[in-house]
Amino acid sequence: MDDVAALLDRIWRTDAIGMLGALSGRLGDFDLAEEALSDALAVALERWPVDGVPDSPAGWLVTTGWRKALDRERRAVVGRAKLARIAAEPVPEPGADDRLAMIFACCHPDLPEQSRIALTLYAAAGLTTAEIAAAFLVPLPTMAQRLTRAKRHWRDRGIGFEPPRPDEYAERLPAVLSVIYLVFNEGYLSSGRSAQRRELAGEGVELARQLAALLPGEPEVAGLTALLEVHHARAATRFDSLGRLVLLERQDRRQPPATRGLPGPRSARSTTGCPTWIRRPWCC
């Protein structure tokens, strides 16, 4: 049981965004998707120790969560028409693209920007309310109320979880960039018990790379990606074995950085085209 619980914790940290994205996109309701996935985790804790871990744990959780969501809809009278429509469609496999699509979907312009970013960090990046409050430098109750209002606004306005059209990227891009930056920042120097969460920092780098591949002509995206990659590559020398920061004069500068995927001179030069009115910290 302990091994299964640890495995599920790792799966949640690495695949929660994709799983929630796959379910939310189909259901059109983040709260329902979150509840269904929680039910699936509970079923996994009961069945995996007996039946064994499936070949695709994330896919199993999405499929089980999907069935749990359908069960909830069957019990809701108002969900009958919706159930007939979505039950006939095949269950999607969570993929890497679901994470970025979920972030774009959550960064809907109908929400105020601060609420938009906070809700996306919670729904699409998997940060806790306490971690988001620390990122915004506000008390925990304040952030909890902000998230509750944002989810209520989302539900009352009938906002869907569909990714935006390409012509809508520009309107949502500032919030998307802020979300990726804050995800990496929380992983690089965590506000929680551990000083560093390498898997979360790596998630921020991967999201930035996906965004750069989606929008190769955006200098601000290239600037953020380059910044995160450079910091991530040097992280091994900036923290000791206990996750504590190492001062510059004590860092082993002879240790080579993890240079896989780092931008070359051409990529670095592409960041110099940022408009002068942009004041974000990653824009050159």
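The values are calculated or read from the model by the stated rules, or taken from the named source; none is laboratory data. The structure presented is a predicted model; accordingly, all values stated were derived computationally and were not measured. Using ideal geometry, Cβ is built from the backbone for each residue, glycine included, and neighbour counts are taken over all protein chains shown. Quick note on the areas: whole protein, heavy atoms, side chains included, nothing else; ligands and nucleic acids left out. Shrake-Rupley method; radii C 1.70, N 1.55, O 1.52, S 1.80 Å.
Ranking Arg152, Arg250 by solvent-accessible area of protein heavy atoms (1.4 Å probe, all protein chains present), from largest to smallest, gives Arg250, Arg152.
Please give the FRET efficiency for Glu199 paired with Ser38, using the beta carbon to beta carbon distance and R0 = 30 Å, rounded to the nearest 0.05. With a Förster radius of 30 Å, E is 0.90. Computed from phi, the 3J(HN,Hα) profile of segment 218-234 under the Karplus parametrisation 6.51, -1.76, 1.60 (θ = phi - 60°) reads 9, x, 5, 5, 4, x, 5, 4, 4, 4, 5, 5, 5, 5, 5, 5, 9 Hz, with x in place of Gly and Pro. Sequentially through segment 5-15, phi angles give Karplus couplings (6.51, -1.76, 1.60; θ = phi - 60°) of 4, 5, 4, 5, 4, 5, 4, 4, 5, 8, 10 Hz, Gly and Pro residues having no value and appearing as x. With a simple spin-label model that places each label point 7 Å from the Cα along the Cα-to-Cβ direction, the separation between Ala5 and Arg155 comes to 3.0 nm. On the basis of the beta-carbon distance and an R0 of 25 Å, Asp167 and Val230 show a calculated FRET efficiency of 0.20. Near Phe239, the amide H atoms lying under 5 Å from its own belong to Val246; only residues 5 or more places off or on other chains count, and H is placed 1.01 Å from N. What the phi angles of segment 129-136 give under the Karplus curve with 6.51, -1.76 and 1.60, with θ = phi - 60°, is a coupling list of 4, 5, 5, 5, 4, 5, 5, 8 Hz, glycine and proline written as x.
Computed packing ranks the peptides 203-209, 54-60 as 203-209, 54-60, most packed first, by mean other Cβ atoms within 10 Å. Among residues other than Ala144 with Cβ under 14 Å from its Cβ, the summed charge is +3 (Lys and Arg +1, Asp and Glu -1). Between Asp31 and Ala213, the contour length at 0.36 nm per residue exceeds the alpha carbon distance by 62.5 nm.
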